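Here is the structure we will look at.
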Amino acid sequence: MSKKEFLNDTISSSLTGGRIKRYAKVTTAMGGLAAKLAGEKYLGIKVNREHHAKQLKEALGGIKGPLMKVAQILSTIPDAVPKEYANELAHLQADAPSMGWLFVKRRMRSELGENWQKKFKSFDKQASAAASLGQVHFAEGINNQKLACKLQYPDMVSAVQADLNQLKLIFYIYEKYDSAISTRSIHEELSERLIEELDYDNELKNLNMYRVMLSSFKEISLPEPVNNLSTKRLLTMTRVTGMKVKKFIENTKDKKLKNKLALNMFKAWYVPFYEYGIIHGDPHLGNYTIREDAGLNLLDFGCIRIFKPEFVSGVIDLYRAIRENDNDLAVYAYERWGFKNPTKKLIEVLNIWATFVYQPLLEDKIKPISEMPTGQYGRKTAEKVHKELKKIGGVKPPREFVLMDRAAVGLGSVFMHLKAEINWYRVFHELISEFDENKLAKKQKSLLTKVGHNFK
């Protein structure tokens with residue numbers, strides 16, 4: 001065996017070994033939780049959830065792979081896991097330590113061939129960012145283009161399947177203890193989205209979709225894919241630059257600029273939804289950067305959700321039902337969302353959450369997104385809904401609800417950090433004023449055909 005082969009094998013072995021150790025650690029943590037929760041439920045023995053949540057975060061932290069990604073997502077879905085766990089999982093950082101140059105060369109060679117370096121004028125050895133599923137390297141094309149190369153870690157397909165099994169265990173344990181919300185749909189939705197994220201061909205199509213949908217908005221910038229330097233495991237794009245959201249908030253005192261950014265974010269997420277039935281399902285702070293003029297750079301397109309037109313209609317119908325206190329319309333809207341035979345009591349409980357989500361859109365005046373303290377956005381309402389759901393025997397939310405709800409709460413949280421004060425009512429009504437379900441269906445079909453997307 002050559003020295004080169006030995007090093008490659010060592011890298012692969014360390015990755016596999018690290019994953020085995022991590023599974024053991026996570027499984028031990030979850031097994032301990034199962035025993036403790038059983039003791040709490042049946043024997044009255046109280047669990048120090050905060051302490052156990054910290055242990056679980058430590059088991060997940062500093063790792064790569066989809067389990068960390070899922071943990072980050074779960075932390076932003078109200079009531080998917082107990083609040084103690086959500087608080088700890090929210091601290092997991094996407095920027096894990098990057099893989100070294102030997103790893104990178106091996107991965108790039110497998111994607112672009114032996115002479116891959118000749119396809120670039122320069123290629124940074126050090127990753128500019130390292131996340132849960134891959135890492136990004138800056139490069140310069142032979143035509144002097146500034147590029148960003150998103151390179152997937154090895155063996156991610158098997159890693160995803162294994163991590164999703166771990167997630168299933170976590171959900172199973174939680175649901176045995178607390179059956180207010182069925183986690184089956186959440187697991188199914190996150191599983192499908194994560195598997196999609198592994199296919200960079202699919203992400204390239206997503207990027208092209210967004211370039212079409214947002215082409216008329218100069219205040220929103222998107223990278224351009226470089227097809228000849230992209231594969232299923234490597235996505236090369238032109239580089240867009242800007243500052244991180246937190247830095248923008250810290251450095252910007254101009255309230256008008258912050259309001260402008262909030263509007264740009266609103267457009268970036270909801271114009272595609274109400275015009276094409278498509279939404280960015282991962283409003284993570286690391287997925288966009290900010291220009292000096294408060295323009296928005298969208299960076300990541302792995303987690304995109306395409307909805308059937310009737311679901312979008314249901315979202316608007318529910319808004320009108322809440323605003324007009326129309327229970328019959330609310331039932332119709334929830335059914336279009338995918339809730340099966342919702343009872344009167346379930347509708348009443350769901351409307352508590354819906355009223356919270358739609359609240360900023362109900363009054364025709366300039367106002368913040370919420371009067372709640374920033375760190376509590378959605379939490380108190382989620383706790384109230386959870387309590388009421390337990391009383392009526394729980395609910396199985398439709399899959400479509402998961403990322404839609406997450407996007408709404410995630411963006412709301414960003415707006416709170418910005419302290420944005422906008423007439424949300426007028427922004428929303430301008431967006432939906434000419435909504436037509438049939439028109440959306442045609443636009444969506446045309447767009448998907450144009451980029452070669454196989455959504456059914």
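Every number in this text was worked out from the coordinates using simple rules, so none of it is lab data. On a predicted model such as this, the values are computed, not experimentally measured, just so you know.
Numerical summary
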| item | result |
| --- | --- |
| Per-q log10 I(q)/I(0), the range 94-193, q = 0.15, 0.19, 0.20, 0.25 Å⁻¹ (Debye; single scatterer per alpha-carbon; no solvent) | -0.72, -0.93, -0.99, -1.28 |
| Equivalent ellipsoid dimensions for the range 117-173 as semi-axes, Å, which come from the Cα gyration tensor, largest first | 35, 10, 7 |
| Largest to smallest principal axis extent of the C-alpha atoms in the range 156-270, angstrom | 49, 41, 24 |
| Cα-based equivalent ellipsoid of the range 238-324: semi-axis lengths in Å, sorted from largest, via gyration tensor | 28, 17, 9 |
| Extent along principal axes [Cα atoms of the range 241-456; Å; largest to smallest] | 50, 44, 30 |
| 5 angstrom amide H check on Glu421, placed H, neighbours 5+ away | none |
| 25 Å Cα-Cα threshold exceeded, pairs from Lys125/Lys150; Lys308/Lys340; Lys244/Lys450; Lys344/Lys442; Lys308/Lys390; Lys267/Lys442 | Lys244/Lys450; Lys344/Lys442; Lys308/Lys390 |
| Kirkwood Rh (inverse of mean 1/r, distinct Cα pairs), the range 166-234, angstrom | 15.0 Å |
